[in-house]
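Participant: If you scroll down you'll find the structure; I have some questions about it.
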Amino acid sequence: MSVDKITQTKDFITFVYRTRNFCTFLETHQSDSYKLFISDIQKQLIELYTFAQTLHDFDLPDRDIKEIDITDDDIKDLLSFTRDRLRDPFYWIVFNPTDHNDTASVCGDLLDDLGDMYKDIKTFLTGFDDADDDVKQNALWHLKWSFDNHWNDHCMNAIYAIHYFLKHAD
């Protein structure tokens, strides 16, 4: 499917809307209520995961495109704000629950999950908002790749952990 057709589908338009909501939520949310904050994040993550699964594969642009790189330093304030809203961001999870030979648990970090997702999604939005069609196509390719290979796990682990954080929230 061509990039032009992808960007005009209802699912894609909804997905971009959800990505913008997620970034804006983390950038501006002022809730002092722990339970409301993580409940709202969980809803955002469920929507992102649902719509990210509808992303189609396509090729990279034919020319080299300058990479967009959002670093932890770039989002230092956002991470600090989010850390202040989380009580204890750590949780335990089996890294690959389908590998019966490796059942050791690993420590997850909700702040790391949200920060990594934010960086990947914000990088996409920065490129997608560019006027150059090749930059947009590159941003789409990287978003699809980063979902399939990186932030899908962060997203699912965070949803799972928040489920239990909410069960035990005051």
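The values are calculated or read from the model by the stated rules, or taken from the named source; none is laboratory data. In this text the structure is predicted, and so the values were computed from the model without any measurement. Positions of Cβ are backbone-derived with ideal geometry, glycine not excepted, and every protein chain shown enters the neighbour counts. To get the accessible areas, we keep the full protein, side chains included, count just its heavy atoms, and leave off ligands, DNA and RNA. Shrake-Rupley method; radii C 1.70, N 1.55, O 1.52, S 1.80 Å.
Participant: If you take the residues of region 52-88 that are over 30 Å from Asp32 (Cα atoms) and among the β-branched types (Val, Ile, Thr), which of them is surrounded by the fewest Cβ atoms within 10 Å (Cβ to Cβ)?
Facilitator: Here is the first cut: in region 52-88, the residues over 30 Å from Asp32 (Cα atoms) are 53-69.
Of the ones still in play, those that are also among the β-branched types (Val, Ile, Thr) are 54, 65, 68.
Numbers: Thr54: 13, Ile65: 19, Ile68: 17.
Per the stated criteria, the residue is Thr54.
Participant: Turning to a different aspect of this structure: For region 10-22, indicate whether the set of residues that are open to solvent by 50 Å² or more (accessible area, probe 1.4 Å), under 19 Å from the mean Cα position of the chain (by Cα) and at pLDDT below 90 is non-empty. Don't jump to the end; show me each part of the working.
Facilitator: Of the residues in region 10-22, the ones open to solvent by 50 Å² or more (accessible area, probe 1.4 Å) are 10-11, 13, 17-18, 20-21.
This time we only want the ones that are under 19 Å from the mean Cα position of the chain (by Cα), so: 11, 13, 17-18, 20-21.
From what is left, the residues that are at pLDDT below 90 are 11.
The answer is yes; a qualifying residue exists.
Participant: Moving to a separate point now. Here are Leu48, Leu26, Leu114, Leu110: which of them is within 22 Å of Tyr164 (Cβ to Cβ), touching a Cys at 6+ places or on another chain (Cβ under 8 Å) and not β-branched (Val, Ile, Thr)? Even if it seems obvious, please write down each step before you answer.
Facilitator: Details: Leu26 fails: touching a Cys at 6+ places or on another chain (Cβ under 8 Å); Leu114 fails: touching a Cys at 6+ places or on another chain (Cβ under 8 Å); Leu110 fails: touching a Cys at 6+ places or on another chain (Cβ under 8 Å).
Only one candidate qualifies: Leu48.
Participant: Please pick out the residue among Asp99, Asp116 that is surrounded by 12 or more Cβ atoms within 10 Å (Cβ to Cβ) and either over 23 Å from His168 (Cβ atoms) or out of contact with any helix residue (DSSP H, G or I) (no Cβ under 6 Å at 6 or more places or on another chain) (or both).
Facilitator: Details: Asp99 fails: surrounded by 12 or more Cβ atoms within 10 Å (Cβ to Cβ).
Asp116 is the lone residue from the list that is surrounded by 12 or more Cβ atoms within 10 Å (Cβ to Cβ) and either over 23 Å from His168 (Cβ atoms) or out of contact with any helix residue (DSSP H, G or I) (no Cβ under 6 Å at 6 or more places or on another chain) (or both).
Participant: Is it fair to say Asn101 is polar (S, T, N, Q), under 21 Å from Cys155 (Cβ atoms) and over 19 Å from the mean Cα position of the chain (by Cα)?
Facilitator: no
Participant: Just one of (1) part of a loop (DSSP other than H, G, I, E, B); (2) within 15 Å of Leu143 (Cα to Cα); (3) in contact (Cβ under 8 Å) with a residue 12 or more places away in the chain trips up Thr71, so point out which.
Facilitator: Unmet condition: (2).
Participant: Could you check region 74-109 and list, in sequence order, the residues that are assigned to a loop (DSSP other than H, G, I, E, B), free of Cβ contacts under 8 Å to residues at least 24 places away in the same chain and of a type in the set (Val, Ile, Thr)?
Facilitator: Listed by number, the residues that qualify are Thr98, Thr103.
Participant: Of the residues Asn138, Asn157, only one is surrounded by 21 or more Cβ atoms within 10 Å (Cβ to Cβ) and assigned to a helix (DSSP H, G or I); which?
Facilitator: Numbers: Asn157 fails: surrounded by 21 or more Cβ atoms within 10 Å (Cβ to Cβ).
Being surrounded by 21 or more Cβ atoms within 10 Å (Cβ to Cβ) and assigned to a helix (DSSP H, G or I) holds for just one of Asn138, Asn157, which is Asn138.
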